[in-house]
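Shown next, in structure tokens, is the structure this report addresses.
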Amino acid sequence: MRFLYHPDTVLTASDLETLAEGILSEIPIPGVEAAVFDSGIIRQTLLHAAVGQKSVKAVTDSTRNTYSDDYTLTQLHTVPTAELEQIVHELFVQQAAMILGPGPRIICLDFVDIHYHGSPHSDAGELCHTTPRDGTSQCHRYLAGFVLCRAKPLIVAVTPVRGDEPTSDAVERLLDHVAALPVEVACLLCDRGFYDGASIDRLRTVAPVALPIIRRGKQMAEKLETSISYWTEYAMYKGSERELRFPLAVCVSYRQGKRGKHGLLVRAYAACDQGDRTPKEVEALYRKRSAIETAFRTMREARARTTTTDPNVRLLFVLVSFLLRNLWLIVRWGVLATPRRGGRALPAWFRFEVFRDWISHALDELLECKWEAPTNRTGIPSTYRQLDAG
């Protein structure tokens with residue numbers, strides 16, 4: 001990590017490759033019993049697959065100093081899931097401590113769905129269902145926490161979500177990881193996927209919360225029958241043992257012909273401990289969480305491809321992609337950004353694509369990319385030679 005705190009005068013591709021490999025070296029790969037292998041080669045193969053958005057097979061087929069794809073995946077299948085998640089979150093804590101600094105931070109929570117066409121590995125509960133895409137609604141789902149910060153939007157917590165567990169269980173695990181961060185949580189911004197009593201009740205014990213409601217029920221319809229913004233209270237599951245009351249920020253705005261629509265637009269947000277804000281300010285705060293979509297898009301650009309049904313290997317690939325994305329942000333801000341009054345000037349040229357290309361280039365030289373391909377052993381037919389001569 002010395003380079004991050006005291007960088008040389010020049011950043012090279014090998015520097016990035018070394019930093020990335022240093023992070024991946026923390027991931028335990030115990031290996032199959034009695035198997036003798038170099039874990040460094042396994043990690044280099046995994047890194048190459050991630051930055052190139054390739055499968056392990058594509059990497060091993062195109063490079064010389066690697067094991068076969070079957071052998072590589074066999075070793076990756078031995079990565080212990082519980083230990084992996086704990087170690088990765090320790091790395092997230094280290095990354096956050098490097099560049100976030102003191103002070104309260106807004107954390108956005110959201111689900112990441114990776115669509116999946118295969119069958120469950122062990123049981124149907126591994127898979128969730130989401131909006132259909134590419135002919136399937138099945139997916140592996142992950143819950144992620146994201147720091148709302150223009151220059152340093154780090155991913156700070158990730159946990160896998162099963163289809164047979166309540167959302168609140170995944171929220172509980174994620175908030176345990178968030179609690180370990182070296183920053184104070186100023187607010188939690190969540191989407192409507194967290195709109196259930198158990199999740200809201202748990203979230204508001206950590207920090208102020210803002211999340212959009214789901215329009216259903218006569219009571220909610222009455223709350224939204226208005227032409228002015230106002231604060232009110234809403235009782236979820238009213239009259240039952242699990243009744244939950246929380247502040248409701250009702251916001252009214254005019255469509256003004258946007259998308260060809262006119263008239264009033266009424267939105268409402270569950271807004272716990274947000275009494276110092278107006279309903280409009282709650283809505284403006286919530287809209288900032290749209291930045292999380294960019295974070296998830298860049299994560300997908302560094303995720304190794306695979307056809308394995310093992311959710312643990314898939315989790316490994318997702319966690320590696322988030323770690324690499326965070327490393328890019330740290331290098332961009334900590335090593336390349338120009339100090340100035342009012343905040344560092346970020347280098348516009350150092351896009352995530354450039355970061356990945358540099359690492360891939362360094363690995364190509366290290367693993368000796370096979371610049372070769374099998375021929376058809378036929379060549380150009382003699383009739384074409386005659387035409388060429390004429």
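For region 125-156, what are the residues that are loosely packed, with under 11 Cβ neighbours inside 10 Å and not in a strand (DSSP E or B)?
D134, G135, R150
Among the residues of region 280-296, is there at least one that is on the phi < 0 side of the Ramachandran plot, assigned to a loop (DSSP other than H, G, I, E, B) and out of contact with any Phe, Trp or Tyr (no Cβ under 6 Å at 6 or more places or on another chain)?
Within region 280-296, not a single residue is on the phi < 0 side of the Ramachandran plot, assigned to a loop (DSSP other than H, G, I, E, B) and out of contact with any Phe, Trp or Tyr (no Cβ under 6 Å at 6 or more places or on another chain).
Looking at region 65-92, which of the residues that are within 19 Å of L175 (Cβ to Cβ) and open to solvent by 40 Å² or more (accessible area, probe 1.4 Å) is modelled with the lowest pLDDT?
Checked region 65-92; the qualifying residue modelled with the lowest pLDDT is A82.
So which residues in region 232-244 are surrounded by 11 or more Cβ atoms within 10 Å (Cβ to Cβ) and either free of Cβ contacts under 8 Å to residues at least 24 places away in the same chain or part of a strand (DSSP E or B) (or both), if there are any at all?
T232, Y234, A235, M236, K238, E243, L244
So the check is Cβ under 7 Å with 6+ separation or different chains; which pairs have a first residue in region 334-348 that's free of Cβ contacts under 8 Å to residues at least 12 places away in the same chain and a second one that's of a type in the set (V, I, T)?
A345/T338
Of all residues in region 373-382 being open to solvent by 90 Å² or more (accessible area, probe 1.4 Å) and not hydroxyl-bearing (S, T, Y), which is farthest from V56 (Cα to Cα)?
Residue satisfying both the conditions and the ranking: I380.
Where residues in region 280-317 are among the β-branched types (V, I, T) and open to solvent by 10 Å² or more (accessible area, probe 1.4 Å), which of them is modelled with the lowest pLDDT?
Once the filter is applied, the top-ranked residue is T294.
Among the listed residues S62, S55, identify the single one that is at pLDDT 95 or above and of a type in the set (S, T, N, Q).
Criteria check complete, one pass: S55.
Any idea which of R332, R341, R385 is within 30 Å of I41 (Cβ to Cβ) and at pLDDT below 95?
Criteria check complete, one pass: R332.
From the list E17, E21, which residue is among the acidic types (D, E) and closer than 20 Å to E90 by Cβ?
Result: E21 is the single residue among E17, E21 that is among the acidic types (D, E) and closer than 20 Å to E90 by Cβ.
Collect the residues in region 166-183 that are more than 19 Å from A235 (Cβ to Cβ) and either open to solvent by less than 40 Å² (accessible area, probe 1.4 Å) or part of a strand (DSSP E or B) (or both), keeping them in residue-number order.
Across region 166-183, the qualifying residues are A170, V171, L174, L175, H177, V178, L181, V183.
Checking T159 against (1) of a type outside the set (K, R); (2) open to solvent by 10 Å² or more (accessible area, probe 1.4 Å); (3) in a strand (DSSP E or B): exactly one of these is not met. Which one?
(2)
Would you tally the residues in region 254-279 being part of a strand (DSSP E or B), exposed (fewer than 13 other Cβ atoms within 10 Å of the Cβ) and in contact (Cβ under 8 Å) with a residue 12 or more places away in the chain?
1
Does A249 satisfy the criteria of being more than 14 Å from the chain's Cα centre (by Cα), part of a helix (DSSP H, G or I) and free of Cβ contacts under 8 Å to residues at least 40 places away in the same chain?
No, not satisfied.
Quick one: count up the residues across region 105-140 that are among the basic types (K, R) and in contact with a His (Cβ under 9 Å, 6 or more places away or on another chain).
1
Condition check ((1) farther than 30 Å from E21 by Cβ; (2) of a type outside the set (A, V, I, L, M); (3) touching a strand residue (DSSP E or B) at 6+ places or on another chain (Cβ under 7 Å)) across all residues:
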residue: E126; (1), (2), (3): yes, yes, no
residue: Q138; (1), (2), (3): yes, yes, yes
residue: P153; (1), (2), (3): no, yes, yes
residue: H177; (1), (2), (3): no, yes, yes
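Just the residues that are over 14 Å from P208 (Cβ atoms) and open to solvent by 20 Å² or more (accessible area, probe 1.4 Å), please, taken from region 184-196.
D191, R192, G193, D196
If you go through region 333-372 one residue at a time, how many are in a loop (DSSP other than H, G, I, E, B) and open to solvent by 80 Å² or more (accessible area, probe 1.4 Å)?
Residues meeting the conditions: 10.
Only one of S199, S229 is in contact with a Ser or Thr (Cβ under 6 Å, 6 or more places away or on another chain) and either surrounded by 13 or more Cβ atoms within 10 Å (Cβ to Cβ) or basic (K, R) (or both). Can you tell me which?
S199
The values are calculated or read from the model by the stated rules, or taken from the named source; none is laboratory data. Computed from a predicted structure; not experimentally measured. Neighbour counts run over all protein chains shown; Cβ positions are idealised from the backbone, glycine included. Heads up: the accessible areas ignore ligands, DNA and RNA and are worked out on the full protein's heavy atoms, side chains in. Shrake-Rupley method; radii C 1.70, N 1.55, O 1.52, S 1.80 Å.
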